[in-house]
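The values are calculated or read from the model by the stated rules, or taken from the named source; none is laboratory data. Just so you know, these numbers come straight off a predicted model, no measurement behind them. Cβ: placed from backbone, ideal geometry, glycine included. Neighbour counts: every protein chain shown.
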Number of protein chains: 2
Amino acid sequence: MKAQEYPQPVLELIAALKRMPGVGSRGAERLALWFLQQGRAEARQLAASLVTAADSVATCPECGFFSNAGETCTACADAGRDSRLLCVVEQPTDVLPIERSGSFRGLYHCLGGKISPLDGVMPEDLAVDKLLQRVADRPGCEVILAVGSDVEGEATALYLAEQLTSLDCRVSRIAQGMPAGAGLGHADAVTLMRAIEGRRNL
Amino acid sequence: MKAQEYPQPVLELIAALKRMPGVGSRGAERLALWFLQQGRAEARQLAASLVTAADSVATCPECGFFSNAGETCTACADAGRDSRLLCVVEQPTDVLPIERSGSFRGLYHCLGGKISPLDGVMPEDLAVDKLLQRVADRPGCEVILAVGSDVEGEATALYLAEQLTSLDCRVSRIAQGMPAGAGLGHADAVTLMRAIEGRRNL
């Protein structure tokens, strides 16, 4: 007697779903069974969305955010934005959180990562040349360094600030301090130190 | 100025992923971005698995478990199984947990649900006729009712037991009592009541 198992296509679907981040064996099995019980339309729809996204989504040649293939992204194409304000982020996925905060109306620049020699990521692996070129094209612009506040982010910000000194631009770094709505009791020592160092007169 | 958003195919992929059970807005966005950053192969592979599973997986005409289209499932096709032992479950997804327990070597019968008048599920919506026919084909067989121990499961078990009285078969119900490894302090009153009622001599 052989133990009952799912048919091969189900096992393959489970394996494919399990490769997604945050989806374990049980979760992948539950998702696969859900698709089977929903009927063909649901599975076909996700399959079509996956293929369409994989085929038609590209990287904006200007800023590195997502765009439709062969086009710049909607921000770079938007004449209503302040093109003399460049916000430098690590990843394309960092753009929408800033956008949703409603506090920025300039253009973005996605580096594609942060300097991290231990992970083999050096400045030449990032979109630094393109940034310098975009800044040179906009004399007197402001460059906001919105990279992360971890060690690699700090190193990246310092490196970029150094590279930008010879250009006609103002360089700023987003503030570090207490996150909104947090009690002092939950803040770590480094956050508190930076919040005190960065204090502002009222 | 328009707020920067993802290209339309990305938004559609997020919407499709979000329909999966247990995946919220943030989770769907994270998964979609992961697919975009993995490149086309990963998205295409999941898409292919989804389409293959949707097209080639069917329901076993004998027991209602998953099977390859046009075939019976591996258990029904397995001559090494005890065909005079039928385990009745609510859903096809209940089969593998029993199978993995290693404690059953007969055939299964998936009802497709449980009697629940409030949800509009009546006995005629379940694979009861097929069960009666399978039992009639196996005089002297044993039918193990492995439906759930909730109210609807109990009602379904009682209904099936009644339907089966006129047939030449033995009907049993899986035991109810303390789950393995649980302390008495965590058991609810109904579980304890059933565990005491179902006590066995040592």
Quiz prompt | Qualifying position, being more than 7 Å from every other protein chain (Cβ to nearest Cβ) and either within 28 Å of A:E5 (Cβ to Cβ) or charged (D, E, K, R) (or both), among B:E12, B:E62 | solution = B:E62
Quiz item: Within the range B:28-41, can one find any residue that is within 14 Å of A:L13 (Cβ to Cβ) and either at the interface with chain A (Cβ under 7 Å from one of its Cβ atoms) or at pLDDT below 90 (or both)?
Solution: no
Quiz item: For the range B:71-108, how many residues are buried (at least 17 other Cβ atoms within 10 Å of the Cβ) and among the acidic types (D, E)?
Solution: 3
Practice problem: Could you identify the single residue in B:S83, B:S56, B:S49 that is among the polar types (S, T, N, Q), more than 7 Å from chain A (Cβ to nearest Cβ) and either within 23 Å of the chain's Cα centre (by Cα) or closer than 30 Å to A:E90 by Cβ (or both)? | Solution: B:S83
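So, B:S67, is that one in a strand (DSSP E or B) and either surrounded by 15 or more Cβ atoms within 10 Å (Cβ to Cβ) or modelled with pLDDT under 90 (or both) or not?
Details: in a strand (DSSP E or B): yes; either surrounded by 15 or more Cβ atoms within 10 Å (Cβ to Cβ) or modelled with pLDDT under 90 (or both): yes.
Considered against the rule, which asks whether it is in a strand (DSSP E or B) and either surrounded by 15 or more Cβ atoms within 10 Å (Cβ to Cβ) or modelled with pLDDT under 90 (or both), B:S67 comes out as yes.
Those residues that are buried (at least 16 other Cβ atoms within 10 Å of the Cβ) and modelled with pLDDT of 85 or more, I need them from the range B:179-193; list them, please. Steps first, please.
Quick first cut of the range B:179-193, residues buried (at least 16 other Cβ atoms within 10 Å of the Cβ) only: B:187, B:191.
Selection gives B:T191 alone.
Answer yes or no: is there a residue in the range A:71-79 that is facing chain B (nearest Cβ under 8 Å), of a type in the set (S, T, Y), part of a loop (DSSP other than H, G, I, E, B) and without any contact (Cβ under 8 Å) to a residue 24 or more places away in the chain. Steps first, answer last, please.
Taking the range A:71-79 and keeping what is facing chain B (nearest Cβ under 8 Å), we get A:73-75, A:78.
Still in the list and also of a type in the set (S, T, Y): A:74.
Subset that is part of a loop (DSSP other than H, G, I, E, B): A:74.
This time we only want the ones that are without any contact (Cβ under 8 Å) to a residue 24 or more places away in the chain, so: A:74.
Yes - at least one qualifying residue is present in the range A:71-79.
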Exercise. Given the conditions (1) of a type outside the set (V, I, T); (2) under 22 Å from the mean Cα position of the chain (by Cα); (3) surrounded by fewer than 18 Cβ atoms within 10 Å (Cβ to Cβ); (4) assigned to a helix (DSSP H, G or I), report the number of the one that A:E162 does not fulfil.
Key: (2)
Quiz item: Which residues, counting only those in the range A:141-159, are surrounded by 20 or more Cβ atoms within 10 Å (Cβ to Cβ) and assigned to a helix (DSSP H, G or I)?
Solution: A:T156, A:A157
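Determine whether the range B:127-138 contains at least one residue that is among the β-branched types (V, I, T), part of a helix (DSSP H, G or I) and surrounded by 18 or more Cβ atoms within 10 Å (Cβ to Cβ). First the steps, then the outcome.
If we filter the range B:127-138 for residues that are among the β-branched types (V, I, T), which is where we start, we get B:128, B:135.
Next, from what is left, pick out any that are part of a helix (DSSP H, G or I): B:128, B:135.
Add one more test, that the residue is surrounded by 18 or more Cβ atoms within 10 Å (Cβ to Cβ), and what stays is B:128, B:135.
Yes, the range B:127-138 contains at least one residue that is among the β-branched types (V, I, T), part of a helix (DSSP H, G or I) and surrounded by 18 or more Cβ atoms within 10 Å (Cβ to Cβ).
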